[in-house]
Every structure is written in C-alpha cells, then in structure tokens.
Amino acid sequence: MEDELEDKLIYQTFISHSKLFTKFIMGLSINSTYLNYSWRMFRVYILKPEILIFSIVVLLVIAYIQNVDIRSQSFFKRIGLSIGDTSTFKNMQLQSRNDNSSWEYKAGNVAVFAVQGRRPHMEDRFVINENIKNTGVSLFAVFDGHGGDFAAEYAAKNLIEALKNRVIDIKNIIKEGRIKEDYVSNKAPYKPNVEEKEKSKTEKKPKKMLSYADDMKKSNTDIKNVDNDLLEKLEKFLPITKEVKLTKVNETVTAADSFSYLEHNGSINYNKLLTDEVLATDKLLVESAKKNLNIAGTTALIALIEKKRLIVANVGDSRGVMCDSKGNAIPLSFDHKPQQMREKKRIEGAGGFIAFNGVWRVAGILATSRALGDYPLKDRKLVIADPDILTFDLSNHRPQFLIFASDGLWDMFTNEEAVAFVKDKLNEPLFGAKSITLQAYYKGSLDNITVLIINLSQHNWTDDDLEVINES
C-alpha cells in the first residue's frame, strides 16, 4: 500500500512539474508575455506552407548564386587572372592563351586586353601597327565580328594590309618628290579593278538560290563558328543567295593609283583613303562570303596617327573615346544604330524595317546598321559599309589617353564612366585595359570584350611629332 502511494506521489509530482514547465515555455508565466506573443506569431505567419515553400526557393536561389560565383572564380583562374590582382603581368606578343579565353599585348604606350567572356567563340580582332615602315604613320584597329569570326579575321588581315601598302606607297611618292599636278586631289579617286569590273558587266553570271543548310550538304566547305541563331533569323527574313563571281582581285598597289590621295600641299587625304579602302575590302569580303555562303559580318574602328593628327574611321558600334587634358570624355566616333533617325530613314528607304528584339535591330536581326560583310542584308542595302570619319588635332586637346573598344565594353560603360575608370588605372601595367575589361565582364556584359588604350599622359606636347610607341 505504501508503495502504491509512493508511486502515485511520484507520478503526480512529475505531472505537476511537466505542467509548470509547459506553462513556462508557452509564455504563461508573468515574465514570458513577449515570448508567448512571438511564438504565436511564428506559428501563425512563419509555419504556413506557402511561407515554408517560399523560404526553400530563396535558399535555392542563394545556393545557385553562390555556385555561379564559384564558377566565375574558376573561370578567371583558368585564364590566369585573379580579381583585384593587377600586380603581376607579362608583356606578351599578340597570341591566344591555351584556352582561347583571353589575349593581351603591350608595346610602349599602347596596351590591349581582350576576353572571350560569355560568348561561345572569340569574334573580336585587334591590330596595332606602329610607325609603318618608318613612314611616321601608326595604325590601330578593333574589329567586332558577329555571325562568326570570318569577317573580322578577313578585315583584320586584308583591310589593314591594304591600308599599310597604300600608306607606304604614298609616302614613297612624297619622299621621292614625284608629286605632279596631274595627280593631285582634284582627280577622281582611284577605284580598284576598273577593267575587271567593266569586263564582268558583259559576262553572264549564273545565279542559284540555295539555303545555307542545303548548300552545306552539297559542298565540302568547312565554316567554323557560325552563329546558328542569326542564320535561322536570316533564313526566315530572306533567302540566302550565292552569286558566282568571275572577277579576279588585283592586289598590286601601283604608284599611279596612289597619286589621287595627295593634296595640293603634299599632305595625304586620309578621309578618301580610308573610305575607298574600307568599301573596296567590303566588296571583296562580300564576294568571298558568297562563295562560301558565310553570313558573318564585322564592325571596324580604325585610327591613323600621323604626327599630332588623329583620323578615326568607324563602321558599326565599336567606339573610340578621348580623355583630354581636363579629364573630359571626347567622343572619337559615334555608333551606327538602327533606331537613329538617319539610319532608320535609310533602311526604310531601301525597303527594310527595324524591330525591337532586346535592342533595336535591322529587320529584327542585326543590332548595328553598318558593317563589313553581312551579305544577305548587304544585297538589299539594309546594311552598308560606308565609314564615318572624324579628324582631330591632338595638340589642341592634349589628351591623357585614348580608348578604342568593342561594344562589349560600351554595353556596360558610358564614355564618361570609362574615362573616369581608366584615369585611375593608368599606373597599371596595361594602363587599365585589363581592369576595365574585367569590370565590364563582372557587370554582366554578354559579348566579347576588347579594349585598346593609348597612354599619352607623359607625352611632351611641345614636340613636333607624336611617337605613340616608344620602346625605350
């Protein structure tokens, strides 16, 4: 009997303590009013199924972002870069890294850095030719390809080679004192392959209508890095044709041809020279592209520097910017965009249209209204290759530096932002080209990014000549 009473006593004591503990936890004690309220709010608002599901989604998003960040870090490790580390650089000749992800070059006061970025292929090209054959003329160019790298590669080789040969030939004429009144600038400009052009008019040129896919099945042509999305859009808009060309290219530059670019005072008419060579190269590029049914195109941003004279030719939406002595951003070129009134009227006058597809595009396809190549759109004259050319006297501006870059940079930076950024990085080994390229990538640029910078901050503007690249 005593044992039963003892068991009941222990049981009752346990129950009493359990109730007291429960009341304390549930906030029934005098000091737990706020805890009780918080627990009720937690049960009412937090433990609902929809809240729990939302929380799980947020956690998954955070995990995804963390994973992307890790992959980004690994991307830069693969190309040998680390964020915020600009202390170690190697001056390399123009060449690709092993994984084709980044390129860098430096010579004297000129530096370039380029990354493939988030694009499947690297379609940008850049060219640096300092003091061409001791002529005192330096040439710089940035080409931003689209639809593949065929057009950018073609222009970087052929257009630049044509310009170099022409400059050398004209300088030889001036040096040898062979300037004649019959060959000054009032003469009609040189037009290459005139005899072949007239001959080709009398010949019948068979045309056949082929789709890109059908022709690839019938030929052994190997076209690499073709943008299939662009190809599909073009096929829907207009048939892709192939015209068999019978003309031959005369690549020889003769002295008589070059006289037409000389002014009465013996100076060179670079505006005419650049225009003629760009259009001639575009014609040859289109012919070559048609033979291979290659739809690629490219922008062209070309800068010539002779003494203190800067001439910039632009086709497309790559862009040049100058930082003057006061730190102001001076445009060296203006983008060719389909929505601009001048470009829109020209496109509509040619029977085309512009449409918004992420950005304004020619026929809903191409985001720039001028380019080299792009022969399906070039045949309809919806896209043209005529360059806009601006000339600057650098002694008037006394620039600290010049920036030439593909639109992968300008998608993320305004002119003023780019100038302010580079100005603080001029003391870096690549004059800020690497830093601003990586910054554009991290800000979300989806394109290839190429940045070329000419550092003039230490130049003595009292000198007669402007030696852009000085290896000493």
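Karplus-based coupling profile of the range 413-430, in residue order and whole Hz: 10, 7, 4, 5, 5, 5, 5, 5, 5, 5, 4, 7, 10, 4, 7, 6, x, 9, with θ = phi - 60° in 6.51 cos²θ - 1.76 cosθ + 1.60 and x standing for Gly or Pro.
Here's how it looks for Ser333: its modeled amide H is under 5 Å from those of Gly320, which are all 5 or more places away or on a different chain.
Remark: for residue pairs Lys283/Lys345; Lys272/Lys425; Lys307/Lys378; Lys106/Lys291; Lys164/Lys345, the C-alpha separation exceeds 31 Å in Lys272/Lys425; Lys307/Lys378; Lys106/Lys291; Lys164/Lys345. Put a dot 7 Å past the Cα of Lys307, heading toward its Cβ, do the same for Met341, and the two dots end up 3.9 nm apart. The loop-placed chymotrypsin sites (Phe, Trp or Tyr not before Pro) in the range 353-440, going by DSSP, include none that has at most 11 neighbouring Cβ atoms within 10 Å of its Cβ. Taken one residue at a time, the phi angles of the range 265-275 give Karplus couplings (6.51, -1.76, 1.60, θ = phi - 60°) of 8, x, 7, 9, 7, 5, 4, 5, 4, 5, 4 Hz. Gly and Pro are set to x.
A crude spin-label estimate for the pair Asn172 and Leu52, with each label 7 Å from Cα along the Cβ direction, gives 8.5 nm. Converting phi to 3J(HN,Hα) with the Karplus coefficients 6.51, -1.76 and 1.60 and the offset θ = phi - 60°, the range 298-312 yields 7, 7, 8, 10, 10, 10, 10, 10, 10, 6, 10, 9, 10, 10, 10 Hz in sequence order, with x at every glycine or proline.
Annotation: extensible slack from Phe356 through Asn427 equals 21.4 nm (criterion: 0.36 nm per residue apart, minus Cα-Cα distance). Whenever you get a sec, compute what percent of the accessible area on the range 391-451 sits on carbon and sulfur atoms (1.4 Å probe). Taking all protein chains in place, the range 391-451 shows 46 percent carbon and sulfur surface.
The residues of the range 356-462 present an accessible area of 36 Å² per residue when probed at 1.4 Å with all protein chains retained.
Counted residue by residue at 0.36 nm each, then reduced by the alpha carbon distance between them, the extension gain from Asn36 to Ser267 reaches 74.1 nm.
The values are calculated or read from the model by the stated rules, or taken from the named source; none is laboratory data. Since the structure is predicted, the reported quantities are computational estimates derived from the model, not experimental observations. Please note: Cβ atoms are built from the backbone with ideal geometry, for glycine as well, and neighbour counts cover all protein chains shown. Surface areas here come from the heavy atoms of the whole protein model, side chains and all, with no ligands, DNA or RNA. Shrake-Rupley method; radii C 1.70, N 1.55, O 1.52, S 1.80 Å.
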